[in-house]
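Contents: one structure, followed by commentary.
The values are calculated or read from the model by the stated rules, or taken from the named source; none is laboratory data. What you are looking at is a predicted structure, and each value in this text was computed from that prediction instead of being measured. Ideal geometry is used to build each Cβ from the backbone, glycine not excepted, and the neighbour counts take in all protein chains shown.
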Amino acid sequence: MNRFAILMSSVALIAVPALAEEAAPTLLGTIFFTANKRVEDAMNLPQSLTVVDADTLSPAALEPAAELARRTPGFVYSGFGQPGSEFGVIRGVGPLGYPLSADDSTIAYSFAGVPTTNFGFPPAMFDMARIEVARGPQGTMFGRNALAGGIDFVPREADGEEGGSLRAEIGTDGHRLAELAYGGWILPDQLAGRVALQFRDFGGDVPNTIAGGTEGGRRLSGGRIALKGFTQNGWEVSLLAQADDQTRHNSYTMLYEADPFPQSGADTIPLNTRNNRQAVLKVEREFEGFRFTAISGVQHMKLHGDIDGSDSLLFSAFTGLPPAFFTDPTTDYTRTWENQKVRSHELRFSSLEGASTSWVAGLNWLRTEYDGLRVAENALNLYSNGTTRVQIVSKAISAFADASLPLNDRLRLTGGLRYTRETQNLTSAYLTNGYPGTVASFDQKAGIKDSQLTGRLSLAWDFSDQLMGYVGVSTGYAAGGYERLAIASAIGVATEPFRPAKSRSVEAGLKYQSADGLLRASGSLFRNTVKDGQLFTYEAVPAGFRYFFTNQDYQSWGAELEAEYVATDALILRGGLGLLSSRLVNAPAGSGRKIPLAASVTANLGLDYTIATERGDVHFAADWSHVGSRPADVGNTWNIPAYNIVNARITWDMAPDRKLYVFADNLFNERPVHFGSTYTPTAHSVSVGPGRVVGLGLAMQF
């Protein structure tokens, strides 16, 4: 933090002479929020929101989900850094350990307004318009699994605007990036189109001491086509189709105590891939007094993983055996093949933009199909042996309504309800590989049914044209269901379903936007109560591990603050702060007091500074983010260390349509730990984020 203070002080000294010379400053624009299924001004909504302009995220970001979280107060990124294993914790609400359900992460994710699952987080983030993050339960609008909040990733649409962009980057550790986007009219005023392509590659920066080479590498290639048609009688038809493939080489079993850190002792370079195919069809029309929308989505994701189940450095520290005991790749591995299909359809009616009473009502149908195959062999862990096939089908249908009603010139009442019925069916089969203690085979068929009513209610008061205050209560739930590993099958024990988790949040906040349009700020106080949070944990024992799946109550409370200030045409400042306290309620013996993976402090600061020159403007951007320490597990056996990330970028406007820039992501080369597990008090396994990446980029408009 001291290094960042020095950096920011230096920039401030550079900026001082320019501040006195600048004329009328640039005004802050309106922040539009659409995740409530109608277009609204975020500063007028009685809820905590962060809307991130995708153009402000680093194109070079190797972990875009982590960067998004660091820009959002109270949002902590976690997981193994592998496709299908990334997740988040918002305001202390999240998976208690790790999300093992095939479609539940306690945060509701959607892409282009269509729901996706934890396997789809994050989507391939190229040619994006913005990302909308709603904190607190979002059961009314997002439905199931919106216990902690909702995130909608909004790609750029085909709007008929003629033009394109091209970007290319090269950097350290094999970083390469190429992006192309182009849009315009295919048939004037009738059919618009847009196409976007991206390729990125990173060689990795974690040495592997056994297999050789490096880990942490990742590659992504993707393409998207968007079409939008307009009929003479007012119908609008939009089609978005996307295909993207990514490959990563990230380990989550590196020894934190290794010297030097990080280094891997795996006997193979880990391999994880995700192939994603999806399409979204949207049909809309404005009628007198309302808008009709029908939106359907189809998504198919294929994931494959091939990892070493026992890192030699970690397991040597755990067992006291020599590292060479764990370096045979033919007898120690975990290989997975997972498929998930997501289909959804929604019909809704909503108010027109600018209506005095804002409202929406509709029906939603959602179906997810999971099919997973796991083949594992491990010398120490009984549960990581044999072949397991798991199929899970979930179906949900819901009806929802939400409205904001002015009671007088300054007082508004906002409320909504959603009723959901769902079923989930499990089919699993296990076949042993002969490991002692495992059963020869075990099959299971089971199912559950559930129904839930969630809602929200708030009052907002306009103290003035610039200041608004609100109080509200909201509820959410995470669907009950089955963990996708069916891990107890190895000993002939049936998989028991999680109970649905339910949350209630009370929130009070203020939002302010100055009359001159130069300052925007919002703050909130909140308290969350979660009943039957879904808990996965384990205990390391000499013969391997014992796993536990249960439900646990917990609470969290805290405060958040965000602000953006246009000091001059040359200087824009922004920042956010999240403070959190938490506790487990009536926790069993051996549990800790705090919620795992929930940081007590999250913070970010940023600036954009422009220097005008005769040869083109020069822009300097810097962002600092801090994620505080947090318990690694429900037992609070170890605190994952805090970390600070600084990104910096200098851009030269060579011409109106060309920009040349240099960048340094993670400038001070700090290695963030995103997930951790305790094997012994002196042996912890972790997943680690990338270090510093420095590079050069060229961006063009045409």
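Scanning for something β-branched (Val, Ile, Thr) and either surrounded by 21 or more Cβ atoms within 10 Å (Cβ to Cβ) or closer than 23 Å to Leu510 by Cβ (or both), does the stretch 433-442 turn up at least one residue? Spell out the reasoning first.
Start the filter on the stretch 433-442 by keeping residues that are β-branched (Val, Ile, Thr), which leaves 438-439.
Next cut, either surrounded by 21 or more Cβ atoms within 10 Å (Cβ to Cβ) or closer than 23 Å to Leu510 by Cβ (or both) only: none.
Checking the stretch 433-442: not a single residue is β-branched (Val, Ile, Thr) and either surrounded by 21 or more Cβ atoms within 10 Å (Cβ to Cβ) or closer than 23 Å to Leu510 by Cβ (or both).
Quickly run through the stretch 272-293 and pick out the residues that are touching a residue at least 60 places away in the same chain (Cβ under 8 Å), part of a strand (DSSP E or B) and of a type outside the set (Val, Ile, Thr).
Asn272, Arg274, Asn276, Gln278, Lys282, Glu286, Phe290, Arg291, listed by residue number.
Scan the stretch 604-629 residue by residue and report those that are small (Gly, Ala, Ser) and buried (at least 19 other Cβ atoms within 10 Å of the Cβ). Explain how you work it out, then say what you get.
From the stretch 604-629, those small (Gly, Ala, Ser) are 606, 612, 616, 621-622, 625, 628-629; that's our starting set.
Once the filter is applied, which keeps residues that are small (Gly, Ala, Ser) and buried (at least 19 other Cβ atoms within 10 Å of the Cβ), the stretch 604-629 yields Gly606, Ala621, Ala622, Ser625, Gly628.
Please identify the pairs in which a residue from the stretch 548-565 that is farther than 17 Å from Val585 by Cα and surrounded by fewer than 17 Cβ atoms within 10 Å (Cβ to Cβ) has its Cβ atom under 6 Å from the Cβ atom of a residue that is at pLDDT below 95 and acidic (Asp, Glu), counting only partners at least 6 apart or on another chain.
Sorted first by the residue in the stretch 548-565, then by its partner, the list stays empty.
When you look at Arg412, is it part of a strand (DSSP E or B) and in contact (Cβ under 8 Å) with a residue 60 or more places away in the chain, yes or no?
yes
Out of Pro59, Pro17, report the one residue that is closer than 28 Å to Leu303 by Cα, of a type outside the set (Gly, Ala, Ser) and either surrounded by 15 or more Cβ atoms within 10 Å (Cβ to Cβ) or modelled with pLDDT under 85 (or both).
Just a single option satisfies the conditions, and that option is Pro59.
With the requirement that a residue be at pLDDT below 95 and under 33 Å from the mean Cα position of the chain (by Cα), what does the stretch 431-446 give you?
Answer for the stretch 431-446, where residues must be at pLDDT below 95 and under 33 Å from the mean Cα position of the chain (by Cα): there is none.
Take Val634 and decide whether it is touching a residue at least 24 places away in the same chain (Cβ under 8 Å) and outside any strand (DSSP E or B).
For Val634, the condition - touching a residue at least 24 places away in the same chain (Cβ under 8 Å) and outside any strand (DSSP E or B) - is met.
Could you go through the stretch 400-420 and let me know if any residue there is of a type outside the set (Ser, Thr, Tyr), surrounded by 17 or more Cβ atoms within 10 Å (Cβ to Cβ) and at pLDDT below 95.
Checked against the condition, which is being of a type outside the set (Ser, Thr, Tyr), surrounded by 17 or more Cβ atoms within 10 Å (Cβ to Cβ) and at pLDDT below 95, the stretch 400-420 yields no hits at all.
Grab the strands (runs of 3 or more DSSP E) fully contained in the stretch 570-628, keeping just those with 3 or more residues being touching a Gly at 6+ places or on another chain (Cβ under 6 Å).
Output list reads 571-585, 601-611.
Per-residue answers, yes or no, for (1) touching a Gly at 6+ places or on another chain (Cβ under 9 Å); (2) surrounded by fewer than 21 Cβ atoms within 10 Å (Cβ to Cβ); (3) free of Cβ contacts under 8 Å to residues at least 60 places away in the same chain; (4) not polar (S, T, N, Q):
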residue	(1), (2), (3), (4)
Glu236	yes, yes, yes, yes
Gln242	yes, no, no, no
Thr247	yes, yes, yes, no
Met254	yes, no, no, yes
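Identify the single condition in (1) at pLDDT below 95; (2) under 25 Å from Thr529 (Cβ atoms); (3) among the aliphatic types (A, V, I, L, M) that Leu457 does not satisfy, given that it satisfies every other one.
Leu457 satisfies every listed condition except (1).
Tell me, please, whether a residue that is farther than 16 Å from Arg248 by Cβ, modelled with pLDDT of 95 or more and either surrounded by fewer than 21 Cβ atoms within 10 Å (Cβ to Cβ) or within 25 Å of the chain's Cα centre (by Cα) (or both) can be found in the stretch 199-207. Let's see the steps before the verdict.
Within the stretch 199-207, the subset farther than 16 Å from Arg248 by Cβ is 207.
Okay, now just the ones that are also modelled with pLDDT of 95 or more, so 207.
Okay, now just the ones that are also either surrounded by fewer than 21 Cβ atoms within 10 Å (Cβ to Cβ) or within 25 Å of the chain's Cα centre (by Cα) (or both), so 207.
So far as the stretch 199-207 goes, yes, one or more of its residues are farther than 16 Å from Arg248 by Cβ, modelled with pLDDT of 95 or more and either surrounded by fewer than 21 Cβ atoms within 10 Å (Cβ to Cβ) or within 25 Å of the chain's Cα centre (by Cα) (or both).
So, of the residues in the stretch 346-361 that are in contact with a Phe, Trp or Tyr (Cβ under 6 Å, 6 or more places away or on another chain) and part of a strand (DSSP E or B), which turns out to be farthest from Ile397 (Cα to Cα)?
Among them, the one singled out is Phe349.
Residue-by-condition table, conditions (1) over 26 Å from the mean Cα position of the chain (by Cα); (2) buried (at least 21 other Cβ atoms within 10 Å of the Cβ); (3) more than 28 Å from Gly455 (Cα to Cα):
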residue: Arg277; (1), (2), (3): no, no, yes
residue: Phe292; (1), (2), (3): yes, no, no
residue: His304; (1), (2), (3): no, no, yes
residue: Gly320; (1), (2), (3): yes, no, yes
residue: Gln340; (1), (2), (3): no, yes, yes
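One line per residue, one yes/no per condition, for (1) of a type in the set (D, E, K, R); (2) surrounded by 23 or more Cβ atoms within 10 Å (Cβ to Cβ); (3) touching a helix residue (DSSP H, G or I) at 6+ places or on another chain (Cβ under 8 Å):
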site: Gly94; (1), (2), (3): no, yes, no
site: Pro123; (1), (2), (3): no, yes, no
site: Ala134; (1), (2), (3): no, yes, no
site: Leu147; (1), (2), (3): no, yes, no
site: Arg167; (1), (2), (3): yes, no, no
site: Leu177; (1), (2), (3): no, no, no
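Please report, ordered by residue number, the strands (runs of 3 or more DSSP E) entirely within the stretch 28-124 with at least 3 residues that are under 25 Å from Gly606 (Cβ atoms).
It comes to 49-53, 75-79, 86-90.
Mind checking which strands (runs of 3 or more DSSP E) fall wholly inside the stretch 147-191 and carry at least 3 residues that are in contact (Cβ under 8 Å) with a residue 12 or more places away in the chain and over 30 Å from Ala478 (Cα atoms)?
163-171, 176-187
Quick test of your reading of the structure: Val439 fulfils all but one of (1) under 30 Å from Gly386 (Cβ atoms); (2) among the hydrophobic types (A, V, I, L, M, F, W, C); (3) in a strand (DSSP E or B). Name the failing condition by number.
So Val439 meets the others, but not (3).
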